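A.B. asks: Input: one structure, supplied below.
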């Protein structure tokens, strides 16, 4: 090679090397194919594509933070698949119109309904009237079933106590997405610092020990929930005493899942055995307790350890099985619970 061509060839070789180095340093965007983490702008190559890792729903820019692959502990963002109006949409408070509370105009947008447990429910909220899957709901909600007037409707429910979750901000303010060791699942649970934070006590009047003719107000604890340490060391949370949000009955000796006094979750009818007439109810304001039950006429219709609530009353009263109790206190006898409060 002539001497005068050597500088030119050297320059070309350097330019080619620079181009190769530059190409190697360009990282692929989200969704692009990849073989290793270093190839992605996000630093995460999962299942052959560049994805964005996350620990909170808020990191996904309107998308959803999910644990897509059980074999890989990495949470990644996926695009949002749900839509909702700017006003009157998911989560809008609607207590004033809850179950006919008042004749006020509904704050819920078209295609949305006011979801409530009782009339004037302070926790009532607007939600989508129909959904096909969780993908039709915001991350803090899931697509479940509502049983109303003996008919089943699909709608988006909030991820409240005991509902499955992946991140803390799916569970709302004051709650964590915690791990339930006995059940092997992650669920939403309110935070607590003492046992009294986990439920409202049952307040009743009973004769004073000092003077039986004088009645005094006493508070009786409800044992459904316990304030226990979060397994990840983030303080304490309220969890079911049984260690499970659904499954076996809370009554000793009653076998099977989804039967009388098996705990259950709102919007998830699969928690109760419909083939034997069991449905999920939650009517006691002192706790988050929800349990499977069935209709009855007398105590004989219920399993051992349970009684027929409202037995002996006329047909205007719905009768169903609850935990038995020998307590003489009306505040206990009249409570709808699956714990025998004596």
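A.B. asks: With respect to residue 3, is the statement that it is touching a helix residue (DSSP H, G or I) at 6+ places or on another chain (Cβ under 7 Å) and at pLDDT below 80 true?
C.D. replies: For residue 3, the condition - touching a helix residue (DSSP H, G or I) at 6+ places or on another chain (Cβ under 7 Å) and at pLDDT below 80 - is not met.
A.B. asks: For the stretch 76-89, which positions are surrounded by 15 or more Cβ atoms within 10 Å (Cβ to Cβ) and at pLDDT 80 or above?
C.D. replies: 76, 77, 82, 84, 88, 89
A.B. asks: I'd like the full set of residues that are buried (at least 17 other Cβ atoms within 10 Å of the Cβ) and closer than 18 Å to residue 257 by Cα, limited to the stretch 287-300.
C.D. replies: Of the stretch 287-300, the ones buried (at least 17 other Cβ atoms within 10 Å of the Cβ) are 287-294, 296.
Correct list: 289, 290, 291, 292, 293, 294.
A.B. asks: Out of (1) modelled with pLDDT under 90; (2) assigned by TED's automatic domain parsing to the domain that holds residue 261; (3) surrounded by fewer than 12 Cβ atoms within 10 Å (Cβ to Cβ), what's the single condition that is false for residue 193?
C.D. replies: Evaluating residue 193 over (1) modelled with pLDDT under 90; (2) assigned by TED's automatic domain parsing to the domain that holds residue 261; (3) surrounded by fewer than 12 Cβ atoms within 10 Å (Cβ to Cβ) leaves (1) as the failure.
A.B. asks: For residue 233, work out the one condition from (1) at pLDDT 90 or above; (2) in contact with a strand residue (DSSP E or B) (Cβ under 6 Å, 6 or more places away or on another chain) it doesn't fulfil.
C.D. replies: (2)
A.B. asks: Evaluate the stretch 209-220: report whether one residue or more is part of a strand (DSSP E or B) and modelled with pLDDT of 85 or more. Steps first, answer last, please.
C.D. replies: Residues of the stretch 209-220 part of a strand (DSSP E or B): 215-220.
Narrowing the set further to residues that are modelled with pLDDT of 85 or more leaves none.
Checking the stretch 209-220: not a single residue is part of a strand (DSSP E or B) and modelled with pLDDT of 85 or more.
A.B. asks: Please verify whether the stretch 78-89 includes one or more residues that are in a loop (DSSP other than H, G, I, E, B), out of contact with any helix residue (DSSP H, G or I) (no Cβ under 7 Å at 6 or more places or on another chain) and over 30 Å from residue 148 (Cβ atoms). Give the derivation first.
C.D. replies: Residues of the stretch 78-89 in a loop (DSSP other than H, G, I, E, B): 79-89.
Add one more test, that the residue is out of contact with any helix residue (DSSP H, G or I) (no Cβ under 7 Å at 6 or more places or on another chain), and what stays is 79-80, 83-89.
Next, only the ones that are over 30 Å from residue 148 (Cβ atoms) stay: 79.
Yes; the residues of the stretch 78-89 include at least one that is in a loop (DSSP other than H, G, I, E, B), out of contact with any helix residue (DSSP H, G or I) (no Cβ under 7 Å at 6 or more places or on another chain) and over 30 Å from residue 148 (Cβ atoms).
A.B. asks: I'm told residue 120 meets every condition in (1) out of contact with any helix residue (DSSP H, G or I) (no Cβ under 6 Å at 6 or more places or on another chain); (2) assigned to a loop (DSSP other than H, G, I, E, B); (3) without any contact (Cβ under 8 Å) to a residue 40 or more places away in the chain except one. Can you identify the failing condition by its number?
C.D. replies: (1)
This table checks each residue for (1) assigned by TED's automatic domain parsing to the domain that holds residue 241; (2) buried (at least 19 other Cβ atoms within 10 Å of the Cβ).
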{"position": "114", "(1), (2)": "no, yes"}
{"position": "118", "(1), (2)": "no, no"}
{"position": "122", "(1), (2)": "no, no"}
{"position": "126", "(1), (2)": "no, yes"}
{"position": "133", "(1), (2)": "no, no"}
{"position": "145", "(1), (2)": "no, no"}
{"position": "175", "(1), (2)": "yes, yes"}
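A.B. asks: Select from the stretch 309-322 the residues that are modelled with pLDDT under 90 and in contact with a strand residue (DSSP E or B) (Cβ under 6 Å, 6 or more places away or on another chain) and write down the one among them that is nearest to residue 258 (Cα to Cα). It would help to see each step written out before you state the result.
C.D. replies: Kept after step one, since they are modelled with pLDDT under 90, are these residues of the stretch 309-322: 309-318, 322.
Restricting the remaining residues to those that are in contact with a strand residue (DSSP E or B) (Cβ under 6 Å, 6 or more places away or on another chain) gives 309, 322.
Numbers: 309: 19, 322: 14 Å.
In this case the residue turns out to be 322.
A.B. asks: State which residue is modelled with the lowest pLDDT when the search covers only the stretch 129-180 and only residues that are within 11 Å of the chain's Cα centre (by Cα) and at positive phi.
C.D. replies: By that ranking, first place goes to 172.
A.B. asks: Separate question: Only one residue in 144, 63, 84 is in contact (Cβ under 8 Å) with a residue 40 or more places away in the chain and touching a strand residue (DSSP E or B) at 6+ places or on another chain (Cβ under 6 Å), so which one is that?
C.D. replies: On the way: 63 fails: in contact (Cβ under 8 Å) with a residue 40 or more places away in the chain; 84 fails: touching a strand residue (DSSP E or B) at 6+ places or on another chain (Cβ under 6 Å).
144 is the lone residue from the list that is in contact (Cβ under 8 Å) with a residue 40 or more places away in the chain and touching a strand residue (DSSP E or B) at 6+ places or on another chain (Cβ under 6 Å).
A.B. asks: For the stretch 90-106, which positions are assigned to a loop (DSSP other than H, G, I, E, B) and crowded, with 19+ Cβ neighbours inside 10 Å?
C.D. replies: Answer for the stretch 90-106, where residues must be assigned to a loop (DSSP other than H, G, I, E, B) and crowded, with 19+ Cβ neighbours inside 10 Å: 90, 92, 94.
A.B. asks: Related question: Kindly indicate the residue of the stretch 240-263 that is under 15 Å from the mean Cα position of the chain (by Cα) and not in a loop (DSSP other than H, G, I, E, B) and also farthest from residue 181 (Cα to Cα) among those meeting that condition. Quick ask: steps written out before the conclusion?
C.D. replies: In the first step, residues of the stretch 240-263 are kept if they are under 15 Å from the mean Cα position of the chain (by Cα); the result is 240, 244-246, 263.
Filter once more, keeping what is not in a loop (DSSP other than H, G, I, E, B): 240, 263.
Values: 240: 12, 263: 17 Å.
If we take residues in the stretch 240-263 being under 15 Å from the mean Cα position of the chain (by Cα) and not in a loop (DSSP other than H, G, I, E, B), then 263 is farthest from residue 181 (Cα to Cα).
The values are calculated or read from the model by the stated rules, or taken from the named source; none is laboratory data. Owing to the predicted nature of the structure, the values given are computational and were not obtained by experimental measurement. A quick note on method: Cβ atoms are made from the backbone with ideal geometry, for glycine too, and the neighbour counts reach across all protein chains shown.
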